[in-house]
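Engineer: Can you read through this structure? Questions will come right after.
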Amino acid sequence: MSVLVYAEHDNQNLKAETLKTVAAAQKMGGDITILVAGHNCQAVAEQAAKVNGVSKVLVADNAAYEHQLAENVSLLVTELANDYDHIVATALTTGKNFMPRVAALLDVAQISDIIDVESEDTFVRPIYAGNAIATVKSLDAKKVITVRTTGFDAVATDGNAEIVNIDIVKDAGTSSYVSEELTVSERPDLGAASVVISGGRGMQNGDNFKLLEGIADKLGAAIGASRAAVDAGFVPNDMQVGQTGKIVAPDLYIAVGISGAIQHLAGMKDSKVIVAINKDPEAPIFQVADYGIVADLFEALPELEAKL
Amino acid sequence: MKILVPIKRVIDYNVKVRVKPDNSNVDLANVKMAINPFCEIAVEEAIRLKEAGIASEVVAVSIGDKSCQEQLRTALALGADRAIQIETSETLDALNIAKLLQKIVEEEQPKLVILGKQSIDSDNNQTGQMLAALTNMPQGTFASEVKVDGDKVNVTREVDGGLQTITLSLPAIVTTDLRLNEPRYASLPNIMKAKRKPLVVKSAADFGLDLSPRSTLLKVTPPATRQAGIIVESIDELVEKLKNEAKVIS
């Protein structure tokens, strides 16, 4: 048995979510190899080599993989797939983009967004936006899987795996990178933060999200938003937590001025502790919150910031 | 150029799903069904490209039993020119759907295929990418902007950290994200007109593909429910609870 785990990274840093994907791979059983596909990405390879439970790190360092375009990466992974029983990626933008191509090229199904591993061929995954949980047995010889990391705890990083450079260059030549507009933030990533504070429609406008910043700074939190706040134009979509945004499960999730629509709950209800601040005592968010406070957020937030 | 838009019939997004008591699946009996929201955005984008004079024809396709003709008629009412139903009574997984769509792509030779990024029932997010691999086309997934420029298409994609723009050679596959557009409502005259637009039925069995299932659904259960906690009376009490009871802040 052997597992190939695709490293999620930006050519400089290995994303923390990969440590959780490796935890999922460990439950599948067998020898674990991490693939780092990128360009000038040796720093990522060195971080990957420290991931516990990994025996080998394959590095495909080539300009063709710089932006991890699905067309090129899928050809690379498909060529490597021969040697592995499970091909596993994190269910983030990159993995979700290229993995189904790998599955189709290998003529196998993909099992998406697993939250648990029951055995080497049986997996648990949410369907209907998490309103039902399916247990699925794969009938394919080779399993192609994406992992929703909220279901797994990160492995440690005191390992020492062998790094092997591979010289496989695949360039489909049909797609090319143009540009990127990434949100620059000093705060942790939504997906990796241990504390998340999110604002909803109750914030009233984008400026008022500043009220969350002081609290986020004190708690080392990431700032998120509900779809209602994004749709109202308060903040950009990459801050969205929910079924159609990011799925998070921090130790502490603070929902401010968020009513608790099903689609938002789908993105945060696996958080360990949920706090809700809302002036409407009937808001559904209180039904999932461990601690609720019925208050005007414009009074509660400055007080909370002062008392932390 | 011709645009192909595969669409899926799913549970209406406003309906709360319930798991069957025997845990075999969710209960879809007598539940309101609709066109998958992401597919509706795909139809809208194709129609806008036609209205802008870039596309010449929009063809909608759906795979399922006769009931999915309802959603194909919706696509026709929104502005698609004709529709294809691939008849099957089986629930097919994404790979088999992609294989059937590959056959339609070979027949129709569209320059652009626009699909929803995922369906709100199985939440797989696979079909567009699989179709792209099978047809050897490039893909622009999770699109928030689509600009056709000669024999290329520029796609702006919603990625984890923000937005990414890529250029694809046509023919290409695009999958839609929520912010690509806001779909229109079909007008009554257009709903009436849609009844007369061509809708061809093909049998999935006639394509000569092996469509056997690749997985077995062992069980479906309701998610673990969260117990409502307590209402605290003051910020002081909240901070005290978070420090000393939940121990999530120090």
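The values are calculated or read from the model by the stated rules, or taken from the named source; none is laboratory data. Fair warning: this is a prediction, and the values are worked out from it, not measured in the lab. Counting neighbours? That spans all protein chains shown, and the Cβs are built from the backbone with ideal geometry, glycine included. Surface accessibility is based on the protein's heavy atoms, side chains included, excluding ligands, DNA and RNA. Shrake-Rupley method; radii C 1.70, N 1.55, O 1.52, S 1.80 Å.
Engineer: In square angstrom and rounded to 100, what buried accessible area do you get between chains A and B, total over both, with the probe at 1.4 Å?
Structural biologist: Chain pair A/B: roughly 6300 Å² of buried accessible area.
Engineer: Let me ask another. Quick one: length gained pulling residue B:20 to residue B:108 fully straight, 0.36 nm per residue minus the C-alpha distance?
Structural biologist: Extending this stretch completely gives an extra 27.7 nm.
Engineer: Please average, across the residues of A:271-277, the number of beta carbons from any other chain that are within 10 Å of each residue's own beta carbon, and give a whole number.
Structural biologist: For this peptide, the per-residue mean of nearby foreign Cβ atoms is 4.
Engineer: Further, regarding this structure: Please name the residues of the range A:112-145 whose accessible area, counted over protein heavy atoms with a 1.4 angstrom probe, falls by no less than 40 Å² between the chain alone and the full protein assembly.
Structural biologist: For the range A:112-145, once contacts with the other chains are taken into account, A:125, A:128, A:131, A:133, A:135, A:137, A:139 lose 40 Å² or more.
Engineer: Percent antiparallel among DSSP beta bridges with both residues in chain B, to the nearest 5?
Structural biologist: Close to 40 percent.
Engineer: Taking chain B as a Gaussian network, Cα atoms linked when under 10 Å apart, which of B:161, B:64, B:79 shows the biggest mean-square fluctuation?
Structural biologist: Judging by the Gaussian network model, the answer is B:161.
Engineer: Quick one: how many Å² of residue B:245 are accessible to a 1.4 Å probe, rounded to 10?
Structural biologist: My reading of the accessible area for residue B:245 is about 110 Å².
Engineer: Just for chain A, what percent of DSSP beta bridges are antiparallel, to the closest 5?
Structural biologist: Bridges in chain A that DSSP calls antiparallel: roughly 20 percent.
Engineer: Let me ask something else. Between beta-carbons, use under 10 Å as the cut-off and find the net charge around residue B:89, counting Lys and Arg +1, Asp and Glu -1.
Structural biologist: Value of the local net charge: -2.
Engineer: Same structure again: Mind checking the mean number of beta-carbon atoms from other chains within 10 Å of the Cβ atoms in B:134-142?
Structural biologist: If you average over the peptide's residues, the count of other-chain Cβ atoms is 5.
Engineer: Additional query: When chain A is modelled as a GNM with alpha-carbon springs shorter than 10 Å, which of A:55, A:176, A:271 fluctuates the most?
Structural biologist: A:176
Engineer: Can you return the lysines within cross-link range of residue B:241? Criterion is Cα-Cα under 19 Å, with same-chain partners fewer than 8 residues away left out.
Structural biologist: A:218, A:272, A:307
Engineer: Let me ask another. Could you please state how large a percent of the accessible area of the range B:2-244 is carbon and sulfur, counting protein chains only and using a 1.4 Å probe?
Structural biologist: Accessible surface attributable to carbon and sulfur in the range B:2-244 totals 49 percent.
Engineer: Around residue B:33, under 9 Å between beta carbons, what's the net of Lys plus Arg minus Asp minus Glu among the other residues?
Structural biologist: 0
Engineer: What is the average number of partner chain Cβ atoms found within 10 Å of a Cβ in B:233-241?
Structural biologist: The per-residue average across the peptide is 5.
Engineer: Among the listed pairs A:137/A:170; A:15/A:170; A:142/A:170, which have their C-alpha atoms separated by more than 29 angstrom in this model?
Structural biologist: With Cα atoms farther than 29 Å apart: A:137/A:170.
Engineer: Next question, about the same structure. Of the heavy-atom accessible surface of chain A (probe 1.4 angstrom), what whole percent is carbon and sulfur?
Structural biologist: In chain A, the share of accessible area belonging to carbon and sulfur is 44 percent.
Engineer: For chain B, modelled as a GNM with alpha-carbon contacts under 10 angstrom, which of B:30, B:14, B:124 fluctuates the most?
Structural biologist: Of the options given, B:30 has the highest mean-square fluctuation.
Engineer: Suppose a student asked you for the relative contact order of the range B:2-244, using Cα pairs under 8 Å spaced at least 6 residues apart; what percent would you report?
Structural biologist: 23 percent
Engineer: Run a plain Debye calculation on chain B (Cα atoms as equal point scatterers, no solvent) and give log10 I(q)/I(0) at q = 0.07, 0.08, 0.17 Å⁻¹, rounded to two decimals, same order as the q list.
Structural biologist: Values returned for q = 0.07, 0.08, 0.17 Å⁻¹ are -0.30, -0.38, -1.28.
Engineer: Excluding residues fewer than 8 places away in the same chain, name every one of the aspartates and glutamates whose C-alpha is closer than 17 Å to that of residue A:143.
Structural biologist: A:31, A:79, A:83, A:85, A:107, A:113, A:116, A:118, A:120, A:121, B:93
Engineer: Let me ask something else about it. Share of Cα-Cα pairs in the range A:207-300 beyond 22 Å, in percent?
Structural biologist: Beyond 22 Å sits 19 percent of the P(r) for the range A:207-300.
Engineer: Now a separate question. Any lysines with Cα under 24 Å of the residue B:195 Cα? List them, leaving off those in the same chain fewer than 8 positions away.
Structural biologist: Candidates past the 8-residue exclusion: B:2, B:8, B:32, B:50, B:66.
Engineer: Nearest 5 is fine: what % of DSSP beta bridges in the protein assembly as shown come out antiparallel, could you say?
Structural biologist: Roughly 35 percent of the beta bridges in the protein assembly as shown run antiparallel, per DSSP.
Engineer: Find me the longest stretch of chain A that has none of the exposed GluC sites (Glu not before Pro), where exposed means in a DSSP loop (not H, G, I, E or B) with at most 14 other Cβ atoms within 10 Å.
Structural biologist: Value returned for the longest uninterrupted segment is A:1-185.
Engineer: Here is a further query. Please report the net charge: other residues with Cβ closer than 11 Å to the Cβ of residue B:204, K and R +1, D and E -1.
Structural biologist: -1
Engineer: While we're on this one: First measure r as the distance between the Cβ atoms of residue A:66 and residue A:27, then evaluate 1/(1 + (r/R0)^6) with R0 = 30 Å and state the FRET efficiency to the nearest 0.05.
Structural biologist: The formula returns an efficiency of 0.40 here.
Engineer: Which longest run of chain B has no exposed loop site in it, a site being trypsin sites (Lys or Arg not before Pro) in a DSSP loop with at most 10 other beta carbons within 10 Å, and the site itself not part of the run?
Structural biologist: Longest site-free region, per DSSP loop and neighbour criteria: B:33-194.
Engineer: About its Cα centre, what dipole magnitude does chain A give when the only charges are +1 on Lys and Arg Cβ and -1 on Asp and Glu Cβ, stated in debye to the nearest 20?
Structural biologist: 540 debye
Engineer: Here's something else I'd like to know. In Å², and per residue, what accessible area does the protein assembly as shown have when probed at 1.4 Å with the other protein chains present?
Structural biologist: Each residue of the protein assembly as shown exposes 41 Å² on average to a 1.4 Å probe.
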